[in-house]
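Participant: There's a structure below that I have some questions on.
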Amino acid sequence: MVNRKTVQTWIEANNWEAFVCQDCEGIHLPAWEGRDSVLESRCFVETSRLYWLTEIAIRPSAVLPLQGAVHFMNYDYGLLKVMIAMADDDVPRLLLTHALPVAHLNEQHFVSWMNQLNEEMEAVYKHLAEMDVLLPEDNDDFSSNFDDQLH
């Protein structure tokens, strides 16, 4: 049976650093979370599936241009579901998600999936950087500490 501990073991066995967050029970990947504008990147394991969620802070002025680009990102990167999330009291963000059924899942399949997923996330992130839509880390336009709102 695939559970969070098994998935974390697979991640770490393939030299990806990971830790389990006490607030959300997700398996976080510091390699992604250490990048500019990436708020969180984590894997959740449920009874029937596991899913990946990466949240990337974007400039408020980038929402409209990105809305048009999201359609093409979803077309170009078949593993990812790309969407924009906005709330009145939070920084706009681009969400990169994907789900995988856990029935019959083994380490080899998981590692292949993770490699493909990371390649697509890398391509989207590079595209965002080229579009200059990432919210800079030193942006003082938002007075709240949004990290506290992530969980």
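The values are calculated or read from the model by the stated rules, or taken from the named source; none is laboratory data. In this text the structure is predicted, and so the values were computed from the model without any measurement. Positions of Cβ are backbone-derived with ideal geometry, glycine not excepted, and every protein chain shown enters the neighbour counts.
Participant: Can you run down the residue pairs with Cβ atoms below 7 Å, 6 or more apart or on separate chains, where the first is in the stretch 103-124 and surrounded by 12 or more Cβ atoms within 10 Å (Cβ to Cβ) and the partner is not hydrophobic (A, V, I, L, M, F, W, C)?
Facilitator: Correct list of pairs: 111/14; 117/98; 120/77; 121/54; 123/77; 124/77.
Participant: Working only within the stretch 137-150, note down all residues that are exposed (fewer than 12 other Cβ atoms within 10 Å of the Cβ) and either assigned to a loop (DSSP other than H, G, I, E, B) or at pLDDT 95 or above (or both). Break it down into steps so the answer makes sense when it comes.
Facilitator: So in the stretch 137-150, the residues exposed (fewer than 12 other Cβ atoms within 10 Å of the Cβ) come out as 137-138, 140-141, 143-145, 147-148.
If the condition is that a residue be exposed (fewer than 12 other Cβ atoms within 10 Å of the Cβ) and either assigned to a loop (DSSP other than H, G, I, E, B) or at pLDDT 95 or above (or both), then 137, 138, 140, 141, 143, 144, 145 are the ones that fit.
Participant: With respect to the numbered conditions (1) touching a helix residue (DSSP H, G or I) at 6+ places or on another chain (Cβ under 8 Å); (2) touching a residue at least 24 places away in the same chain (Cβ under 8 Å); (3) closer than 25 Å to residue 17 by Cα, which one is the sole condition not fulfilled by residue 81?
Facilitator: Going through the list (1) touching a helix residue (DSSP H, G or I) at 6+ places or on another chain (Cβ under 8 Å); (2) touching a residue at least 24 places away in the same chain (Cβ under 8 Å); (3) closer than 25 Å to residue 17 by Cα, residue 81 breaks only (2).
Participant: Return the only residue of 55, 17, 25, 40 being in contact with a helix residue (DSSP H, G or I) (Cβ under 8 Å, 6 or more places away or on another chain), of a type in the set (D, E, K, R) and touching a residue at least 60 places away in the same chain (Cβ under 8 Å). Explain how you work it out, then say what you get.
Facilitator: Working: 55 fails: in contact with a helix residue (DSSP H, G or I) (Cβ under 8 Å, 6 or more places away or on another chain); 17 fails: touching a residue at least 60 places away in the same chain (Cβ under 8 Å); 25 fails: touching a residue at least 60 places away in the same chain (Cβ under 8 Å).
Step by step, each of 55, 17, 25, 40 is checked, and only 40 is in contact with a helix residue (DSSP H, G or I) (Cβ under 8 Å, 6 or more places away or on another chain), of a type in the set (D, E, K, R) and touching a residue at least 60 places away in the same chain (Cβ under 8 Å).
Participant: Out of all the residues in the stretch 4-24, is one or more among the charged types (D, E, K, R) and crowded, with 21+ Cβ neighbours inside 10 Å? Can you show your working first?
Facilitator: Looking only at the stretch 4-24, we keep the residues that are among the charged types (D, E, K, R), and these are 4-5, 12, 17, 23.
The next check asks that each one be crowded, with 21+ Cβ neighbours inside 10 Å; those that pass are none.
Within the stretch 4-24 (the criterion being among the charged types (D, E, K, R) and crowded, with 21+ Cβ neighbours inside 10 Å), the answer is no, since none of the residues qualifies.
Participant: Only one of 96, 53 is outside any helix (DSSP H, G or I), modelled with pLDDT of 95 or more and crowded, with 20+ Cβ neighbours inside 10 Å. Can you tell me which?
Facilitator: Numbers: 53 fails: crowded, with 20+ Cβ neighbours inside 10 Å.
Going through 96, 53 in turn, just one is outside any helix (DSSP H, G or I), modelled with pLDDT of 95 or more and crowded, with 20+ Cβ neighbours inside 10 Å: 96.
Participant: In addition: Collect the residues in the stretch 46-79 that are of a type outside the set (A, V, I, L, M) and touching a Lys or Arg at 6+ places or on another chain (Cβ under 6 Å), keeping them in residue-number order. Walk me through how you get there before you give the answer.
Facilitator: First pass over the stretch 46-79, keeping only residues of a type outside the set (A, V, I, L, M): 46-49, 51-52, 54-55, 59-61, 65, 67-68, 71-72, 74-78.
Correct list: 55 only.
Participant: Taking the criterion of being over 30 Å from residue 1 (Cβ atoms), more than 15 Å from the chain's Cα centre (by Cα) and either charged (D, E, K, R) or surrounded by fewer than 18 Cβ atoms within 10 Å (Cβ to Cβ) (or both), would at least one residue in the stretch 34-48 satisfy it? Outline the logic, then answer.
Facilitator: First, the residues of the stretch 34-48 that are over 30 Å from residue 1 (Cβ atoms): 34-39.
From what's left, more than 15 Å from the chain's Cα centre (by Cα): none.
The answer is no, given that none of the residues of the stretch 34-48 is over 30 Å from residue 1 (Cβ atoms), more than 15 Å from the chain's Cα centre (by Cα) and either charged (D, E, K, R) or surrounded by fewer than 18 Cβ atoms within 10 Å (Cβ to Cβ) (or both).
Participant: Which one of these does residue 93 not meet: (1) under 11 Å from the mean Cα position of the chain (by Cα); (2) more than 18 Å from residue 131 (Cα to Cα); (3) among the charged types (D, E, K, R)?
Facilitator: Result: residue 93 passes all but (2).
Participant: Do we find a residue being under 25 Å from residue 137 (Cα atoms) and of a type in the set (A, V, I, L, M, F, W, C) anywhere in the stretch 95-113?
Facilitator: yes
Participant: Still on this structure, I have one more. Please give the number of the condition residue 27 fails out of (1) crowded, with 19+ Cβ neighbours inside 10 Å; (2) of a type outside the set (Gly, Ala, Ser); (3) over 23 Å from residue 2 (Cβ atoms).
Facilitator: Answer for residue 27: the failing condition is (3).
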